[in-house]
Amino acid sequence: MKMSTKGKYGLRAMLDIAINSRGDIVSVKSIAERQNISESYLEQVFSILRKAAIVRSIKGAQGGYILADDPSNITVGQILRTLEGNLNIVDFDNRNNNVSKEEKCINEFVWNKINESIDRVVDNITLEDLLNEYQKLKENPSVMYYI
């Protein structure tokens, strides 16, 4: 599985809203400027997120987007599956009678475990977790020492 720009940019945009909204509407233009992402591309991403009820849109001159739920209730898994679809690295069907025992073994004990691990990780990271990590990074920037 390789993450597309839709997933990468969508996750960045969602974190940007969480950081900058404080309950207010965040314009696509401001997100695009801060994240250096095309405004029209972000509109496409937000259209998908809005249809999935992850963000709400507000129309008009002062319009933009706001999170549809508390950041603690929005998972990275929800965002990525909405934008990317299935996150499995390998899709397989062990019910197929033409699948060899070797392939079934590999599917069950390798691919299935990797897929489950990915799901477990992304479903246990919330937007609030990302927001907290961002705040830590902001408060304690890395110190670089040069010799």
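Every read-out reported here was derived from the displayed coordinates using simple, explicitly stated rules and does not represent laboratory data. It should be emphasised that the depicted structure is a prediction, and the values quoted were computed from it without experimental measurement. Positions of Cβ are backbone-derived with ideal geometry, glycine not excepted, and every protein chain shown enters the neighbour counts.
At 0.36 nm per residue, and after removing the present C-alpha to C-alpha distance, how many nm does the segment from Arg95 to Asp129 gain when stretched out fully?
Taking 0.36 nm per residue and subtracting the Cα distance, the gain is 8.4 nm.
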* Lys51: which lysines have alpha carbons under 28 Å from its alpha carbon, excluding same-chain residues fewer than 8 sequence positions away? -> Lys2, Lys6, Lys8, Lys29, Lys59
* Calculated FRET efficiency, Ser40 and Met3, Cβ-Cβ r, R0 22 Å, to nearest 0.05? -> 0.60
* What longest range of the chain stays clear of loop-exposed trypsin sites (Lys or Arg not before Pro) (DSSP non-H/G/I/E/B, at most 10 other C-beta within 10 angstrom)? -> 96-147
* Asked: In debye to the nearest 20, how big a dipole does the chain give about its Cα centre with +1 on each Lys and Arg Cβ and -1 on each Asp and Glu Cβ?
  -> 320
* **Inter-label distance, nm, simple model (7 Å from Cα along the C-beta direction), Lys138/Ile58** => 1.9
* To do: With just the Cα atoms of the stretch 49-125, tell me how far they stretch along each of the three principal axes, in Å, largest first.
  => 60, 23, 14
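With n ≥ 4 as the cut-off for DSSP H runs, can you work out [θ] at 222 nm for the chain, using -39500 (n - 2.57) per run divided by the number of residues, rounded to the nearest 500?
-16000 deg cm²/dmol
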* Separation in nanometres of the label points that stand 7 Å from Cα toward Cβ, at Ile48 and Glu108 -> 3.4
* Out of Ile37, Gly85, Ile66, whose Cα points farthest toward the positive end of the dipole of the chain (charges: +1 Lys, Arg; -1 Asp, Glu; placed on Cβ)? -> Ile37
* To do: Starting from the Cα of Asp69, step 7 Å toward the Cβ, then list every residue of the stretch 110-142 with an amide N under 11 Å from that point.
  => 127
* Which aspartates and glutamates have a Cα less than 13 Å from the Cα of Lys101, not counting those fewer than 8 places away in the same chain? -> Asp93
* To do: Can you give me the P(r) profile for the stretch 5-139? Cα pairs, bins 5 angstrom wide beginning at 0, each as a whole percent.
  => 2, 10, 18, 19, 16, 11, 8, 6, 5, 4, 2, 0, 0
